[in-house]
Amino acid sequence: MNFYEELKSKKSLGILILICVIFLILIIKAYSFLPDSKESSKNVYDSENSQVENVIQDNESNTKDENEVENETIQKEQDEEDIRKEKERQILDEIEKRKMEEIENERLENINTTEAGLKSNETTALEQKDLTIEEQYNEIFSEASKLYKEKQYVRALEEYQKAANMVTDKELQAKCFEQMSVIYATVKKYGTALAFAQKSFNAAPTTAREILLARLYYKTGNIDKATTRVNNVLKRDFSADK
């Protein structure tokens, strides 16, 4: 190899080295512009987590809203059902009340009809005996008591009502009303029994009749009035009672 060829070879090698150096510099500069891989990965991870959290929060919010709407709907339906049941109960109570009133009115009409049919015959029979009103009352009252003991309650009620109608003495009337109250209580018609007990007490108040009132108030569920009656009895001077 002559000098010229050696020089040419060194020149080529220098050019090659220069090219490599330039390429290396370019690579280093290009690498410096790239984002840090760890930071980039962290940012990507944080972004993904943020998106996931947002989706979860949105889902939870939607679920909560749906649950609230569902609960409100259920509560509204329950309230409507309660109102409907209350109206039905009131209607049934009113129907039962009217039915009891009709039965009572019918019973009273039957009693009045029976009384009207028998009054003339009985009056004639009593007049033939030449009895006083009080003596007639006593006979009818005794007959009613006998019927009550024989559990002929309807006829007993008729006789007691008849006896009460024929006298003006409040005590005699009160005795009849008291016995009628007892009969109704026996057949568990406590409302009607209470009404007759009140009539008896109003006509001629006694301790026994007020105790009867207290018992019937208790039976009909009016505890306050029952307690008041019992307190009245406890406060009363018993010696003043008949």
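I need every pair where a residue in segment 222-242 that is at pLDDT 75 or above has its Cβ under 7 Å from the Cβ of a residue that is open to solvent by 100 Å² or more (accessible area, probe 1.4 Å) and of a type outside the set (A, V, I, L, M), sequence separation at least 6 or different chains.
Listed pairs, sorted by first residue: Ala226/Tyr218.
Please enumerate the residues belonging to segment 154-185 that are within 17 Å of Gly221 (Cα to Cα) and surrounded by fewer than 18 Cβ atoms within 10 Å (Cβ to Cβ).
Within segment 154-185, none qualify.
What's the total number of residues in segment 128-160 that are assigned to a helix (DSSP H, G or I) and within 17 Å of Glu171 (Cβ to Cβ)?
The number of residues fulfilling the criteria is 12.
Within segment 192-214, which residues are open to solvent by 50 Å² or more (accessible area, probe 1.4 Å) and either in contact (Cβ under 8 Å) with a residue 60 or more places away in the chain or of a type in the set (Phe, Trp, Tyr) (or both)?
Hits for segment 192-214: nothing passes.
Just to be sure I understand, how many residues within segment 155-179 are among the aliphatic types (A, V, I, L, M) and in contact (Cβ under 8 Å) with a residue 40 or more places away in the chain? Spell out how you get there, then give the answer.
First, pick out the residues of segment 155-179 that are among the aliphatic types (A, V, I, L, M): 156-157, 163-164, 166-167, 172, 174.
Filter once more, so that each one left must be in contact (Cβ under 8 Å) with a residue 40 or more places away in the chain: 157.
So the count comes out to 1.
The values are calculated or read from the model by the stated rules, or taken from the named source; none is laboratory data. Only a predicted model underlies this, so the values are computations on that prediction, with no experimental measurement involved. With ideal geometry, Cβ positions are generated from the backbone for all residues, glycine too; neighbour counts draw on all protein chains shown. All accessible areas refer to the heavy atoms of the entire protein, side chains included, with ligands and DNA or RNA removed. Shrake-Rupley method; radii C 1.70, N 1.55, O 1.52, S 1.80 Å.
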